[in-house]
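The values are calculated or read from the model by the stated rules, or taken from the named source; none is laboratory data. Remember, predicted model here, so these are calculated numbers, not experimental data. Here Cβ is always computed from backbone atoms with ideal geometry, including for glycine, and neighbour counts include all displayed protein chains.
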Amino acid sequence: MIGRNTKFYSLILVLADIFTILVSFLLAYVIRVRLDHRPLLSTVYGIDYLYAFLLIIPIWILIFAALGLYKSSTYNRRLVEWSKIAIGSFIGILLIIGWQYVSNKVILPARLVAVYGFIAAFILIVIEREILRLIRSLMFRYGKGVSRVLLIGSSDATSDIALNLANTVKSGYHIIAIAGPKKIVPDELKVRHYPLVESALDDIETNNITAIIQTDLYDSAERNQKILSAAQSHHISYNFIPGEAEFYSGKNTIDVFLGYPMISVYQTPLIGWGAIAKRIFDLVVGSLITIILSPVLLIIYLILKITDPGPALFIGPRLSRFSEPIKLIKFRTMKHLPGYDQKDAAEEFRAMGRNDLALEYEKNRKVENDPRITKFGSFLRKTSLDELPQIFNVLHGDLSLVGPRPILPQETKLIKGRAALLHSVKSGMTGIWQVSGRSELTFDERIELELYYAQNWTFWLDIKILFKTIGVVLRKRGAK
């Protein structure tokens with residue numbers, strides 16, 4: 001939600017960043033030119049240096065803005081904010097160096113000024129934003145700048161929004177009243193409840209409401225207009241959030257069609273340039289991983305050929321993007337029994353007389369102690385080394401490095417209507433469920449996590465999952 005407080009805080013961030021960037025490069029100049037007595041590449045007087053950076057700083061701010069550093073979705077997420085500050089500062093330094101080279105105008109008296117400036121800018125901007133975050137939280141704690149909200153709706157989304165905004169110190173919103181059915185009012189929230197929205201609108205001044213959030217439209221257009229008119233007549237903000245999850249997940253765009261606002265809803269943000277960038281990233285990083293791990297792949301292949309008769313690789317059918325069948329490549333971890341990969345595991349367990357394992361598999365699509373797994377195969381699974389050959393699926397384009405886990409064809413019936421959304425993105429070698437509990441999660445919990453990934457993909461989420469995957473593998477929390 002974009003309210004007056006959010007816009008004001010973004011303006012404060014812009015002004016603070018301008019001041020901090022200027023201080024960072026003045027500090028870099030002093031350290032290298034005034035305190036370091038080694039020869040300089042060029043003589044740049046302090047006033048000329050200052051004047052140049054006063055012209056350059058607006059470009060830095062535009063770079064920061066393009067990276068989303070003045071949006072609440074970024075500055076409310078500390079790690080995302082820090083990473084974007086680092087990227088923005090690095091791009092800014094490259095532009096300064098590039099502009100100096102192209103224009104033949106000397107800005108930096110020495111190369112170390114650029115290095116010092118980058119380091120100082122990153123550290124000081126992070127500190128500046130942490131201080132502002134602390135000040136904002138203290139203000140919210142004492143009720144300063146807090147939006148007093150009237151929440152109107154009748155769906156589960158209404159309850160979810162109320163609970164998420166309940167922590168006023170973090171959100172800056174204070175839910176004062178909820179208008180709608182009693183069942184949507186969370187028990188743990190002490191708020192005023194209005195069964196009729198008209199009663200809530202009559203008490204706007206009494207409750208000192210400064211913002212209205214509506215999650216569901218009424219059948220009566222006159223009633224909806226009354227809510228909007230109440231916000232306008234009291235000069236308070238009005239926000240409409242569709243209660244249906246499909247409207248606020250994935251990627252939405254708003255345009256004007258025949259004079260009417262039109263919302264276009266996509267299943268996933270991973271479309272257009274996002275999909276192209278992800279594919280390029282997969283090819284570059286996948287190629288590097290293949291080169292680096294090729295000795296490991298060769299050693300495991302030879303061990304499997306020596307210790308266990310049969311093929312070293314398991315190639316099985318899976319479904320990836322748009323439910324298209326692919327041939328998934330893994331190191332074989334089970335005993336070689338011809339035809340064992342052609343039917344559901346539950347059927348095989350029952351054929352072995354292990355109905356208990358069949359029931360366990362049908363519940364979680366995993367079993368804790370699978371008798372089909374070899375000793376070396378168990379080691380490969382615990383370390384996740386059995387999945388390394390999937391890097392060839394990535395290079396071929398069947399998989400991505402990060403994405404939902406490719407499912408077996410027979411599992412399609414278990415996810416029913418959710419298959420289309422789950423397969424709106426390409427499946428991956430690793431994914432959000434692998435770093436969020438691995439085998440401890442039930443099948444349904446895994447699907448819910450992967451649906452979240454498909455609807456809320458960002459490049460930063462992929463990076464985060466990849467780094468978490470490394471930690472999971474090192475702690476040997478692989479799939480069992």
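The figures follow:
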{"quantity": "Condition check for residue 68: in contact with a Ser or Thr (Cβ under 7 Å, 6 or more places away or on another chain) and not aliphatic (A, V, I, L, M)", "calculated": "yes"}
{"quantity": "Enumeration of residues in region 121-138 that are loosely packed, with under 13 Cβ neighbours inside 10 Å and under 16 Å from residue 79 (Cβ atoms)", "calculated": "127"}
{"quantity": "Residue in region 37-48 that is among the aliphatic types (A, V, I, L, M), more than 30 Å from residue 240 (Cβ to Cβ) and assigned to a helix (DSSP H, G or I) present", "calculated": "yes"}
{"quantity": "Those residues of region 200-219 which are out of contact with any helix residue (DSSP H, G or I) (no Cβ under 9 Å at 6 or more places or on another chain) and over 17 Å from residue 177 (Cα atoms), in sequence order", "calculated": "219"}
{"quantity": "Of all residues making up region 139-180, the number that are aliphatic (A, V, I, L, M) and surrounded by 20 or more Cβ atoms within 10 Å (Cβ to Cβ)", "calculated": "12"}
{"quantity": "Residues of region 90-135 satisfying the condition of being part of a helix (DSSP H, G or I) and touching a Lys or Arg at 6+ places or on another chain (Cβ under 7 Å)", "calculated": "112, 113, 116"}
{"quantity": "In region 57-72, residue nearest to the chain's Cα centre (by Cα) [restricted to those that are closer than 15 Å to residue 129 by Cβ, part of a helix (DSSP H, G or I) and of a type outside the set (Val, Ile, Thr)]", "calculated": "72"}
{"quantity": "Subset of region 145-201 [over 24 Å from residue 132 (Cα atoms), of a type in the set (A, V, I, L, M) and part of a helix (DSSP H, G or I)]", "calculated": "157, 161, 162, 163, 184, 197, 200, 201"}
{"quantity": "From 29, 49, residue being crowded, with 18+ Cβ neighbours inside 10 Å, among the aromatic types (Phe, Trp, Tyr) and at pLDDT 85 or above", "calculated": "29"}
{"quantity": "Among (1) modelled with pLDDT under 85; (2) under 20 Å from residue 314 (Cα atoms), the one test that residue 396 misses", "calculated": "(1)"}
{"quantity": "Qualifying residue in region 422-435 (condition: at pLDDT below 80 and surrounded by fewer than 20 Cβ atoms within 10 Å (Cβ to Cβ))", "calculated": "no"}
{"quantity": "Residues (within 25 Å of residue 401 (Cα to Cα), hydrophobic (A, V, I, L, M, F, W, C) and either modelled with pLDDT of 85 or more or in a helix (DSSP H, G or I) (or both)) located in region 305-338", "calculated": "312, 313, 314, 315, 322, 326, 328, 329, 331"}
{"quantity": "Residues of region 208-222 that turn out to be in a loop (DSSP other than H, G, I, E, B) and crowded, with 18+ Cβ neighbours inside 10 Å, as a count", "calculated": "4"}
{"quantity": "Hits in region 28-62 (condition: in contact (Cβ under 8 Å) with a residue 60 or more places away in the chain, out of contact with any Lys or Arg (no Cβ under 9 Å at 6 or more places or on another chain) and among the aliphatic types (A, V, I, L, M))", "calculated": "28, 31, 33, 44"}
{"quantity": "When residues of region 352-400 are limited to those that are small (Gly, Ala, Ser) and not in a loop (DSSP other than H, G, I, E, B), the one surrounded by the most Cβ atoms within 10 Å (Cβ to Cβ)", "calculated": "400"}
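Listed here are the residues, each with its yes/no results for (1) surrounded by fewer than 16 Cβ atoms within 10 Å (Cβ to Cβ); (2) touching a helix residue (DSSP H, G or I) at 6+ places or on another chain (Cβ under 6 Å); (3) more than 20 Å from residue 10 (Cβ to Cβ).
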{"site": "64", "(1), (2), (3)": "no, yes, no"}
{"site": "67", "(1), (2), (3)": "no, yes, no"}
{"site": "72", "(1), (2), (3)": "no, yes, no"}
{"site": "85", "(1), (2), (3)": "no, yes, no"}
{"site": "94", "(1), (2), (3)": "yes, no, yes"}
{"site": "99", "(1), (2), (3)": "yes, no, yes"}
{"site": "110", "(1), (2), (3)": "no, yes, yes"}
{"site": "115", "(1), (2), (3)": "yes, no, yes"}
{"site": "119", "(1), (2), (3)": "yes, no, yes"}
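For every residue, the table says whether it meets (1) of a type in the set (Lys, Arg); (2) closer than 18 Å to residue 72 by Cβ; (3) in contact (Cβ under 8 Å) with a residue 12 or more places away in the chain.
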site	(1), (2), (3)
142	no, no, no
149	no, yes, yes
161	no, yes, yes
166	no, yes, yes
180	no, no, yes
183	yes, no, no
191	no, no, yes
194	no, no, yes
